[in-house]
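Asker: Let me give you the structure first, and then I'll get to my questions.
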Amino acid sequence: SSVQNSSYMCLMAHWIDETFDLQKKILNLCPIENHKGETIGSLVYQFIKQWGINVVFTVKVDNASSNDGAIRYLKRMLKGPNDILDRKYLHLSCC
C-alpha cells in the first residue's frame with residue numbers, strides 16, 4: 001500500500017534460461033482493488049495467461065493470510081496437463 005492508502009501488486013518472474021543463467025523480469029506493476037486472496041489470485045492468473053506462461057512451478061509470497069487464499073485460487077486455476085508435481089510446491093513462503 002502507498003502513503004495515499006492505494007494498493008499495488010508487483011508480479012515478477014524468475015527462471016533459468018537455456019544457458020543456465022538466472023533471469024528475472026517484472027511482468028506487471030499495477031493497482032489492486034483490495035488485499036483479498038481471490039482478488040490477488042485472480043489478477044496473478046490473468047497476468048500469467050496474458051504473458052503466455054504455460055507452466056508455473058512455484059509462487060513466492062510473504063506470509064500474509066490473503067496470500068494463502070491467492071495460492072488456493074491459483075492451485076484450482078493452474079490444474080491441468082502442465083502440472084508440476086501436482087502443484088505440491090506452488091506455495092513458497094519468503095523467509
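Taken together, the values in this text are just the output of simple stated rules run on the coordinates, not laboratory data. All values reported here derive from a predicted model rather than from experimental measurement. No Cβ is skipped: glycine too gets one built from the backbone with ideal geometry, and neighbour counts run over all protein chains shown.
Asker: Can you give the local net charge around Leu43? Use residues other than it whose beta-carbon is closer than 13 angstrom to its beta-carbon, Lys and Arg +1, Asp and Glu -1.
Answerer: Working: positive: Lys36, Lys49; negative: Glu33, Glu38.
Computed value for this residue: 0.
Asker: Using a basic spin-label model with each label point 7 Å from the Cα along Cα→Cβ, how many nm lie between Ile26 and Trp51?
Answerer: In this crude spin-label approximation the distance works out to 1.3 nm.
Asker: Further question: For the stretch 1-70, which semi-axes, largest first and in whole Å, follow from the square roots of 5 times the eigenvalues of its Cα gyration tensor?
Answerer: Details: eigenvalues 115, 36, 28 Å².
Equivalent-ellipsoid dimensions as semi-axes: 24, 13, 12 Å.
Asker: Now, a different point. Using the Karplus equation 6.51 cos²θ - 1.76 cosθ + 1.60 (θ = phi - 60°), what ³J(HN,Hα) coupling, rounded to whole Hz, does each residue of the stretch 21-27 give in order, writing x for Gly and Pro?
Answerer: Computed from phi, the couplings for the stretch 21-27 are 9, 6, 10, 8, 9, 7, 8 Hz.
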